[in-house]
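Undergrad: One structure, pasted below without further comment.
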Amino acid sequence: MGYFQAGFTDIVGGDNRPMPRYPFTFVQADALEYLSLHGHEFDAIHASPPCQAYSIMHNLPWLKDREYPALILPTIELLEAIGKPYVLENVMGARYGAKGLTKRSLEGHGLKAGWLCGTMFGLPFYRHRLFATNWFWLAPGHPKHQARIRPGSSLAGRAREIVFSEGIVRPTPNRRKDRWVYGGKKKGLPGQMAGLNLTTWQNGAQSGGVGMGHTRGWQLAAEAMGIDWMNQYELTQAIPPVFTRHIGQQLMKVLDGRPV
């Protein structure tokens, strides 16, 4: 969607599973096989290999022994062989030199890449993502992160994804009950945000803290991201379209031979 907003018109997406809500032309196929056969037909290519093998969430006790496909390196090799301008997006755990890559002998998958954050575009969440390219692009300035909520261990590393907008009263725990008190006036179980002027968001799954992630309140996260066509699970895998709009606007200049 971000590339469409940047001016691209003929957009084809591919995945090895059905994607009935994908808003553009969709091809169900193995992504690398399709890219190998048809990549030369496109002006530019955006790739998002599965992130689970590179995510810090892989360190959670119930996930650390799972095997996930590590496809960044074969994707880059294929993209380089095709020779078209490309963008490869992944999580921050895939950055060059990341300890998690060394731990799992995946150093060759490390991306020397720029990155984007929701706060660069005035969004009320972080959701840092790497964007590796074979052409030059610029990122906006990165505002200093606002306060983080760390009410309990259930948020784990994803607490870094939660942001309060300026002017919003920070919540304090009410020890008498498992509730949060906003400004000493409003009470509610996590996820019950009706009537509260709060923009608090979390990128992640189950949350015992504020419940504004992709379980409770996931529709609010979708609204904040500018996405209204995905279901709950699809949203957990998504990035805000404004990220690829920013990338796409500069890619369009590269394709037209204009300076970025």
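Okay, residues lined up against (1) modelled with pLDDT under 85; (2) under 12 Å from Tyr3 (Cα atoms); (3) in a loop (DSSP other than H, G, I, E, B):
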{"position": "Gly208", "(1), (2), (3)": "yes, no, yes"}
{"position": "Met212", "(1), (2), (3)": "yes, no, yes"}
{"position": "Ala222", "(1), (2), (3)": "yes, no, no"}
{"position": "Asp228", "(1), (2), (3)": "no, no, yes"}
{"position": "Glu234", "(1), (2), (3)": "no, no, no"}
{"position": "Ile239", "(1), (2), (3)": "no, no, yes"}
{"position": "Phe243", "(1), (2), (3)": "no, yes, no"}
{"position": "Gly248", "(1), (2), (3)": "no, yes, no"}
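Each row is one residue, and each column tells you yes or no for (1) within 22 Å of the chain's Cα centre (by Cα); (2) under 15 Å from Ala132 (Cβ atoms).
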{"residue": "Asp10", "(1), (2)": "no, no"}
{"residue": "Asn16", "(1), (2)": "yes, no"}
{"residue": "Leu37", "(1), (2)": "no, no"}
{"residue": "Cys51", "(1), (2)": "yes, yes"}
{"residue": "Glu67", "(1), (2)": "yes, no"}
{"residue": "Ile72", "(1), (2)": "yes, yes"}
{"residue": "Ala81", "(1), (2)": "no, no"}
{"residue": "Lys84", "(1), (2)": "no, yes"}
{"residue": "Leu88", "(1), (2)": "yes, yes"}
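Undergrad: Would you confirm whether or not the stretch 136-144 contains a residue that is in contact (Cβ under 8 Å) with a residue 12 or more places away in the chain and among the basic types (Lys, Arg)?
TA: No; the residues of the stretch 136-144 include none that is in contact (Cβ under 8 Å) with a residue 12 or more places away in the chain and among the basic types (Lys, Arg).
Undergrad: Taking the stretch 98-109, which residues are part of a loop (DSSP other than H, G, I, E, B) and touching a residue at least 24 places away in the same chain (Cβ under 8 Å)?
TA: Ala98, Arg104, Leu106
Undergrad: Go through (1) more than 14 Å from Phe243 (Cα to Cα); (2) modelled with pLDDT of 90 or more for Lys103 and report which single condition fails.
TA: (2)
Undergrad: Is it true that some residue in the stretch 17-32 is within 24 Å of Gln249 (Cα to Cα) and of a type in the set (D, E, K, R)?
TA: no
Undergrad: Separate question: Looking at Ala94, is it in contact with a Gly (Cβ under 8 Å, 6 or more places away or on another chain), of a type in the set (A, V, I, L, M) and modelled with pLDDT of 95 or more?
TA: Spelling it out, it is not the case that Ala94 is in contact with a Gly (Cβ under 8 Å, 6 or more places away or on another chain), of a type in the set (A, V, I, L, M) and modelled with pLDDT of 95 or more.
The values are calculated or read from the model by the stated rules, or taken from the named source; none is laboratory data. Note that this is a predicted model, so its numbers are computed, not measured. Because the Cβ atoms are built from the backbone with ideal geometry, glycine has one as well, and the counts that use them run over all protein chains shown.
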